[in-house]
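*Asks:* Right, I'll just put the structure down here and ask away after.
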Amino acid sequence: MSARRRILPIFVPHAGCPNDCVFCNQKRISGSLLPASTETVRSRLSELPEDAHCELAFYGGSFTAIDPVLREELLAAVRPFLERGTVERIRVSTRPDAVDREVLESLRSAGVMTVELGAQSMSDRVLRLSGRGHTSADTARAAALVKEAGLTLVLQMMTGLPGSDPAADIDTARKLIALRPDGVRIYPTVVVRDTALETLWRSGRYREHTVEDAVEVCAKILPLFEAASIPVIRLGLNPTDELSGGAAAAGAYHPALGELVRSRVLRERAERLLLRDPPKGPAALEVSRRDYSAMIGRRRENVLWLRERFPEAGLRVRSADVPDGTVRVVPL
Ligand code: SF4
């Protein structure tokens, strides 16, 4: 293993969480059946090579709602590795209503540098129907406190929750941008087995948020964050053997969801250009080398879709010296 810094995730499934969100079965999402203990922390860190430098991430639960004694013990188990430099930073994820100045200060002094808040939606109706147990005002307040404490703020949002629709999801993105996070994660809703959402879906009271639904709405949301210079550090649940093996009963689970969305964003950019200035003869779509395969799309989906709409252009895709995310239409 190289000395490169990487994120070492330690899942604390449901630890500290007083809630039961309809979509949540943290034990399945994280692929881990037992909550992390100080022993898990020590042994995971001891397995790393001497020259490793990692960021340790406590994910999956509501870290700030864990019993303070256990929380301190988990952080104390990291301390020797922080002092040695094996752990350079710690990040935790938590609920917006489990954050106050005191707990943020204790995290900061224990080496935590990033707090991720599960905002999920800024619609109070969606939050209520999803059983989140907090409001959008809690998110705004917690986000301000995290920034005030000098910590890096990451906000997580979901699309396709019960009671939501594309307009509400886009509105959530706009409201999160107004909170000026340092990064966001977007998780389109997946119906995980053994959750209340599975029951709602099976009984017809929840319409599944399909992969196509997620691609469609996220292709509107991603450019909003990009325009605000807010990095989208994750789009879609991390693929796990369990989710791929059947734990994802329905919904927007796709191992390459982020790529599908980026591909759709490029297709929409190309479509807008072609509609605005329809080519009179053969044309090429020029994109950066990095965007080349996303522009073409899976199984050439984008090219076929655009060729069908603009048959006179006989469109081709080629890489050129243009900024990532940019599409240029060039007559041939
Ligand atoms: S707050 Fe987080 S851990 Fe708790 S039930 Fe909801 S999603 Fe699961």
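Every number in this text was worked out from the coordinates using simple rules, so none of it is lab data. Just so you know, these numbers come straight off a predicted model, no measurement behind them. All Cβ positions, even for glycine, are placed from backbone atoms using ideal geometry, and neighbour counts span all protein chains on display.
*Asks:* Just to verify a number: FRET efficiency for Asp241 and Arg290, C-beta to C-beta distance, R0 = 22 Å, to 0.05?
*Replies:* 0.15
*Asks:* Same structure, new question: Starting from the Cα of Ser109, step 7 Å toward the Cβ, then list every residue of region 32-76 with an amide N under 15 Å from that point.
*Replies:* In region 32-76, the label zone of Ser109 (backbone N under 15 Å from the point 7 Å along Cα→Cβ) covers 69, 72-73, 75-76.
*Asks:* How much length is gained if the chain between Asp100 and Arg128 is pulled fully straight, taking 0.36 nm per residue apart and subtracting their Cα-Cα distance, in nm to one decimal?
*Replies:* Stretched out fully, the Asp100 to Arg128 stretch lengthens by 7.9 nm.
*Asks:* Which of the cysteines in the chain are isolated, no other cysteine C-beta under 4.7 Å?
*Replies:* Unpaired cysteines in the chain: Cys17, Cys54, Cys218.
*Asks:* If we count other beta carbons within 10 Å of each Cβ, what is the order of Phe310, Phe81, fewest first?
*Replies:* By the 10 Å Cβ count, ascending: Phe310, Phe81.
*Asks:* With r as the distance between the Cβ atoms of Arg79 and Asn19 and R0 = 45 Å, compute the FRET efficiency 1/(1 + (r/R0)^6) and round to 0.05.
*Replies:* Efficiency, rounded to the nearest 0.05: 0.95.
*Asks:* On to the next question. Round to a whole angstrom and tell me the spacing of the C-alpha centers of region 191-244 and region 134-154.
*Replies:* 23 Å
*Asks:* Using 7 Å Cα-to-Cβ label points, what is the Asp321/Ile170 separation (nm, one decimal)?
*Replies:* With each label point 7 Å from Cα toward Cβ, the separation is 3.7 nm.
*Asks:* What angle, in degrees between 0 and 90 and rounded to the nearest 10, separates the Cα long axis of helix 257-276 from the longest principal axis of the Cα atoms of the chain?
*Replies:* Relative to the chain, helix 257-276 is tipped by roughly 30 degrees.
*Asks:* Quick check for you: which residues of region 305-332 have the amide N under 16 Å from the point 7 Å beyond the Cα of Ala256 toward its beta carbon?
*Replies:* none
*Asks:* Comparing Gly183, Gly281, Gly150, which has the greatest mean-square fluctuation in the GNM of the chain with Cα pairs linked when under 10 Å apart?
*Replies:* The residue that fluctuates most here is Gly281.
*Asks:* Would you mind checking region 226-256 for residues with the amide N under 13 Å from a putative spin-label position 7 Å along Cα→C-beta of Arg193?
*Replies:* Under cut-off, by backbone N: 241-250.
*Asks:* At 7 Å along Cα-to-Cβ for each site, give me the label-to-label distance between Glu55 and Leu224 in nm.
*Replies:* Distance between the two pseudo-spin positions: 2.4 nm.
*Asks:* Figure the gain on full extension for Arg141 and Glu39 (residue separation times 0.36 nm, minus the Cα-Cα span) and round it to one decimal in nm.
*Replies:* Additional length available on full extension: 33.3 nm.
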